[in-house]
Structure formats: C-alpha cells, structure tokens
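Report on the structure given below.
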Protein chains: 2
Amino acid sequence: MSQSNTASKVFPEQAFRWQGIEEEAYKAQGTHFSGARRQVLIGGGSGEQGISFETRYFEVEPGGYTSLEHHAHGHVVVVLRGSVEIVLDQTVQQASPFDCIFIAPHSLHQLVATSQDEPLGFLCIVDQQRDPPQLPDKETLNRLSADPRVAARIRT
Amino acid sequence: MSQSNTASKVFPEQAFRWQGIEEEAYKAQGTHFSGARRQVLIGGGSGEQGISFETRYFEVEPGGYTSLEHHAHGHVVVVLRGSVEIVLDQTVQQASPFDCIFIAPHSLHQLVATSQDEPLGFLCIVDQQRDPPQLPDKETLNRLSADPRVAARIRT
C-alpha cells in the first residue's frame with residue numbers, strides 16, 4: 001500500500017543551480033583547492049529517508065581544481081559540463097560529459113577543470129557515513145611527481 | 001598513504017552508452033513498463049568497494065514508461081536527456097535535464113517519457129541493499145485514479 005509522502009520532490013535545475021537547495025562553499029578552509037563550489041542535492045536534508053548516500057554537485061572554474069586527496073570511501077563521479085583531467089593514482093585521464101568515473105578506496109585523486117571557457121561541473125555520489133579526506137604525505141607526492149605527466153598536472 | 005588501486009576507472013560515455021559496462025533489460029519480466037533499458041554504471045561490479053549504493057542509467061523510448069510502483073527504499077533521479085512526467089503519489093510533475101528528483105520511501109511513482117523525438121534518460125541512484133518494488137493494489141489505483149490528471153497519466 002502506498003502512502004502520500006510530501007518528502008518526494010522535484011528540484012528544478014537552471015544554469016546548474018538547483019532551486020530549493022542551498023549552496024555551500026566547497027570546503028570551509030584549505031589551500032589545496034581553487035575556484036570550487038558545491039551543492040548537496042539530496043541526502044543531507046530532513047525527510048530524505050531511505051537512502052544511505054549523498055548526491056552532490058561540484059563546480060570548478062576554468063583552471064581551478066579540487067584537493068589532491070585520498071580516503072577509504074569510494075566516489076562515483078558523473079561529469080555534467082566542461083572537461084576534466086583527473087589525476088588517478090599514477091595516471092592522468094580525461095573525461096567530459098557524461099563520462100562516469102569510479103574512484104576506488106585509497107586512490108589518490110584530483111580533478112582539474114581544463115575547459116578554457118566553461119566550468120567543470122560534476123555529480124559526486126558518496127556514502128553518508130564516510131571517513132574524512134586526507135592529503136598525501138611528502139613521500140607519496142615525491143613518488144607521484146616522478147612521472148612528468150602527473151607532475152605537470154597536480155596542484156598542491 | 002595512498003596506494004595504487006586499479007579499480008579506479010573512467011567509463012567513457014558515447015550516445016548515452018558507457019564503454020566497459022554491460023547493458024541489461026530493464027526488468028527480467030513484467031507487463032507494467034514499456035520501452036525501457038538500463039545500465040548499472042557503478043556499484044554492481046567486482047572491485048567497486050567503498051560505496052553502498054548503485055548508480056544506474058535508465059532510458060525510456062518516447063511514449064514509454066517505467067512501472068508504477070512503490071518500495072521502502074528511496075530513489076534519487078537526475079534527468080540527463082528528454083523530458084518526463086512523473087506520477088509522484090497524488091501529483092503529476094514535469095522534469096527535464098538536469099532536474100533532480102527525490103522519491104521518498106513508500107511514494108508511488110511512475111516516469112513517463114514525454115518527448116516526441118528523444119528518449120528519456122536519467123540516472124537513478126539507490127542503496128545496494130534495498131527491498132523489492134511492489135505494484136499498487138486495486139484500492140490504491142482507484143484512489144489515484146480519482147484525480148483525472150493522475151488517471152490520464154498512469155499506465156498499468
């Protein structure tokens with residue numbers, strides 16, 4: 001038997017902003033990212049029961065980037081606009097709308113917005129219960145930077 | 001300390017199909033849907049650790065529809081192409097790319113592809129552990145059909 005449930009809702013998008021959802025700074029503080037904003041679309045709000053994940057939208061200005069970081073939880077990324085070069089451990093890979101990316105536990109990753117004229121926008125889905133991101137230590141950075149392609153891309 | 005992890009991967013999209021991911025029938029059997037296909041993008045494969053959700057892509061041909069159903073788990077839907085009218089309990093609402101929809105536990109819902117010339121394509125994210133969908137009983141159908149707007153839209 002179905003019940004009416006007012007928590008069900010359509011959130012209309014316009015210019016990559018979703019009505020009825022508050023916008024946040026990407027992170028409260030830090031020096032390892034640039035030109036990024038985010039919205040938790042669904043998964044953080046009251047009444048949003050029956051799911052154990054968060055669907056977030058991140059947007060990164062041209063030339064901007066997310067933190068180079070790693071953590072035990074996985075990420076699912078779906079690119080919605082712009083283009084990205086993603087550092088994924090010892091590789092640098094490219095993606096564009098609507099490519100999908102799986103970032104496995106402990107993978108070191110950084111997303112760089114590579115379009116000249118359009119921000120990089122992507123969905124990033126994670127478990128609600130997750131460990132905090134960690135920045136790489138100096139040894140890891142040195143190891144990654146041994147590859148000139150990776151060294152040319154990472155921003156710290 | 002970061003480790004290399006070969007489970008991290010980019011799945012390139014082309015024409016709303018993702019390379020490296022197998023396509024499935026929408027459901028193995030049933031008479032309550034029409035013209036639908038799906039891909040589990042991430043969350044069902046080996047090595048896809050660190051997440052407790054599945055990110056799926058559904059595509060519905062013009063005029064086609066998903067099952068009118070309800071269940072205890074929630075859904076997050078992000079429209080990627082086409083347009084949709086969604087029956088959401090006693091309402092009929094419209095959505096288009098990149099509108100986002102939260103379907104709360106026990107909400108009766110059905111998505112109908114309303115573009116004449118383009119399929120409806122959408123991401124649907126759910127917990128990996130979830131209860132099976134249930135079709136509405138006759139009493140619920142009668143109650144919904146009392147509203148002519150809903151009656152005109154639902155397909156059973």
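Here are a few things to note about the model shown:
- Interface area, chains A and B: about 4600 Å² of buried accessible surface, summed, with a 1.4 Å probe and ligands, DNA and RNA left out.
- Whole-number accessible area per residue in Å² for chain A, which is evaluated in the context of all protein chains at 1.4 Å: 43
- Calculated SAXS-style log₁₀ I(q)/I(0) at q = 0.16 Å⁻¹ - the protein assembly as shown, Debye, Cα scatterers: -1.32
- For the peptides A:10-19, A:44-53, the ranking by packing is A:44-53, A:10-19, with the highest mean count of neighbouring Cβ atoms within 10 Å listed first.
- Cut-off 10 Å between beta-carbons: net charge of the residues surrounding B:Ser96, Lys and Arg +1, Asp and Glu -1: -1
- Copy-to-copy label separations for A:Asp147, where each label sits 7 Å from Cα toward Cβ, in nm and ascending: 5.3
- Cβ-based net charge around B:Arg149, under 13 Å, with every Lys or Arg adding one and every Asp or Glu removing one: -2
- Cα gyration tensor of the stretch A:112-156 - equivalent ellipsoid semi-axes, whole Å, descending: 24, 21, 7
- Positive minus negative residues near B:Ser107 (Lys, Arg vs Asp, Glu; Cβ under 13 Å): -2
- The convex hull drawn around the Cα atoms of the stretch A:5-156, when projected onto a plane and averaged over every direction, covers 9.3 nm².
- GNM on chain A, alpha-carbon springs under 10 angstrom: the most fluctuating residue among A:Phe102, A:Phe33, A:Phe122 is A:Phe102.
- Compactness index (Cα Rg / 2.2 N^0.38 Å), the stretch B:44-129: 1.11
- Here the Kirkwood formula, the inverse mean of 1/r across different C-alpha pairs, assigns the stretch A:73-115 a hydrodynamic radius of 10.5 Å.
- Under the Karplus curve 6.51 cos²θ - 1.76 cosθ + 1.60, θ = phi - 60°, whole-Hz ³J(HN,Hα) for the stretch B:54-60, x wherever Gly or Pro sits: 10, 9, 10, 10, 10, 10, 10
- Nearest-to-axis residue in chain A, judged by Cβ distance to the rotation axis that brings A onto B and given in whole Å, is A:Phe53, 2.
- Straight-distance candidates among the aspartates and glutamates for linking to B:Lys9, with alpha-carbon spacing under 12 Å and chain neighbours fewer than 8 residues away dropped: A:Asp89, A:Asp99, B:Glu48.
The values are calculated or read from the model by the stated rules, or taken from the named source; none is laboratory data. None of these values were measured; they are calculated from a predicted model. Don't worry about glycine lacking a Cβ; one is built from the backbone with ideal geometry, like all the others, and counts go over all protein chains shown. Areas reflect the complete protein model, heavy atoms only, side chains present, ligands, DNA and RNA absent. Shrake-Rupley method; radii C 1.70, N 1.55, O 1.52, S 1.80 Å.
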